[in-house]
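First up is the structure itself, then whatever we jot down about it.
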Amino acid sequence: MNQGQDYDGSWRWMTLPSILTDYQVYIYQFGVFSGTSIIQIANILSQNNIISAKIFGFDSFCGNPEETREKLTNDAWILGSWSVQKQLNTPNINECIKIVYEKIKLRIPATYSVEFITGWFNELKDEIAHNNNMKPAFYIDIDCDLYCSTYDALDFMFRNKLIKTGTLIGYDDWGGSEGWQNHLSGESRAHKEMLEKYNASCVEIASHPANMKVFKII
């Protein structure tokens with residue numbers, strides 16, 4: 001669905017290694033873009049002795065949807081922005097997905113599996129979780145940019161019981177929109193509303209430059 005730009009992702013490296021405790025983990029990323037962040041996450045797991053991991057990547061691969069639920073104040077997040085299909089100049093979505101998938105598989109351990117769920121997050125059906133045998137998340141990577149996308153992603157995870165005590169949720173675009181400091185817009189607003197909707201609690205365990213935050217469900 002929505003995508004974030006490729007960069008070193010140092011906030012993930014600073015956070016995940018200190019709290020890895022399992023040897024089989026389920027990772028969910030919302031906003032795959034060209035796959036760089038999935039590679040980063042897989043490398044963090046591998047270097048911390050995680051032998052087997054299942055990674056689900058959610059994306060439209062054709063850019064951001066239109067934000068229809070709040071005023072959009074960041075021009076970088078308009079309809080169609082961060083389209084990896086456009087960046088790769090592929091003739092169709094399937095070819096785009098193939099390129100991204102092959103890039104990822106070449107750079108992660110062979111014992112790790114990656115599966116893409118393609119489409120808009122507001123169209124995610126509950127049977128997707130059941131049909132793909134999804135298990136509760138160790139870590140959820142939110143790189144959605146928009147309030148509407150973040151809300152729909154978290155709602156899918158919560159209502160399918162894929163978020164549990166101990167689940168980590170990292171936000172790549174916590175700031176960047178008006179009122180985000182008070183949870184009035186963007187990813188921070190969606191985070192607050194989902195906790196309230198599902199009567200969940202969390203603690204902030206990391207905060208990094210450019211308004212990137214990580215929380216743990218308690």
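Out of all the residues in the range 155-163, is one or more within 22 Å of residue 203 (Cα to Cα) and of a type in the set (S, T, N, Q)? Yes, the conditions are met somewhere in the range 155-163. Entry remark, the range 130-161: residues being aromatic (Phe, Trp, Tyr) and either more than 20 Å from residue 218 (Cβ to Cβ) or in a loop (DSSP other than H, G, I, E, B) (or both) number 4 in total. Close contacts from the range 197-218, counting a first residue that is assigned to a loop (DSSP other than H, G, I, E, B) and a second that is at pLDDT below 90, with Cβ to Cβ under 6 Å and a gap of 6+ residues or different chains, come to 211/174; 211/175.
A residue that is within 12 Å of the chain's Cα centre (by Cα) and either surrounded by 24 or more Cβ atoms within 10 Å (Cβ to Cβ) or closer than 24 Å to residue 209 by Cα (or both) can be found somewhere in the range 186-197.
Listed here are the residues, each with its yes/no results for (1) farther than 29 Å from residue 46 by Cβ; (2) of a type in the set (D, E, K, R); (3) at pLDDT 95 or above; (4) out of contact with any Leu (no Cβ under 8 Å at 6 or more places or on another chain).
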| site | (1), (2), (3), (4) |
| --- | --- |
| 84 | no, no, no, yes |
| 104 | no, no, yes, yes |
| 114 | no, no, yes, yes |
| 124 | no, no, yes, yes |
| 127 | yes, yes, yes, yes |
| 135 | no, yes, yes, no |
| 142 | no, no, yes, no |
| 159 | yes, yes, yes, yes |
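Residue 162 - would you say it is surrounded by fewer than 24 Cβ atoms within 10 Å (Cβ to Cβ), in contact (Cβ under 8 Å) with a residue 60 or more places away in the chain, of a type in the set (A, V, I, L, M, F, W, C) and closer than 20 Å to residue 12 by Cα? The answer is no for residue 162. Taking only pairs six or more apart or across chains, which ones have beta-carbon atoms under 6 Å, a first residue in the range 143-156 that is farther than 20 Å from residue 212 by Cβ and charged (D, E, K, R), and a second residue that is modelled with pLDDT under 90 and crowded, with 24+ Cβ neighbours inside 10 Å? That search, which allows pairs on different chains as well, returns nothing.
Only a single item in (1) surrounded by fewer than 22 Cβ atoms within 10 Å (Cβ to Cβ); (2) of a type outside the set (D, E, K, R); (3) more than 29 Å from residue 71 (Cα to Cα) is not met by residue 138, and it is number (1).
Just wondering, is there one or more residues in the range 158-168 that are out of contact with any Cys (no Cβ under 9 Å at 6 or more places or on another chain) and within 26 Å of residue 71 (Cβ to Cβ)? The answer is yes, given that some residue of the range 158-168 is out of contact with any Cys (no Cβ under 9 Å at 6 or more places or on another chain) and within 26 Å of residue 71 (Cβ to Cβ). Residue 177 fulfils the conditions (1) part of a loop (DSSP other than H, G, I, E, B); (2) in contact (Cβ under 8 Å) with a residue 60 or more places away in the chain; (3) surrounded by fewer than 20 Cβ atoms within 10 Å (Cβ to Cβ) except for a single criterion, (3). Output the residue which, of all residues in the range 165-174 that are assigned to a loop (DSSP other than H, G, I, E, B) and free of Cβ contacts under 8 Å to residues at least 60 places away in the same chain, is nearest to residue 212 (Cα to Cα). Checking each candidate, the answer is 174. Only one entry of 115, 102, 187, 127 meets the criterion of being part of a helix (DSSP H, G or I), among the charged types (D, E, K, R) and touching a strand residue (DSSP E or B) at 6+ places or on another chain (Cβ under 9 Å), and that entry is 187. Candidates in the range 43-87 are the residues that are part of a helix (DSSP H, G or I) and touching a strand residue (DSSP E or B) at 6+ places or on another chain (Cβ under 9 Å); of these, the one that is surrounded by the most Cβ atoms within 10 Å (Cβ to Cβ) is 45.
Residue check: residue 96 meets all listed conditions (1) more than 23 Å from residue 173 (Cα to Cα); (2) touching a residue at least 40 places away in the same chain (Cβ under 8 Å); (3) among the hydrophobic types (A, V, I, L, M, F, W, C) but one, namely (2).
The values are calculated or read from the model by the stated rules, or taken from the named source; none is laboratory data. All values derive from a computational prediction rather than experimental measurement. All Cβ positions, even for glycine, are placed from backbone atoms using ideal geometry, and neighbour counts span all protein chains on display.
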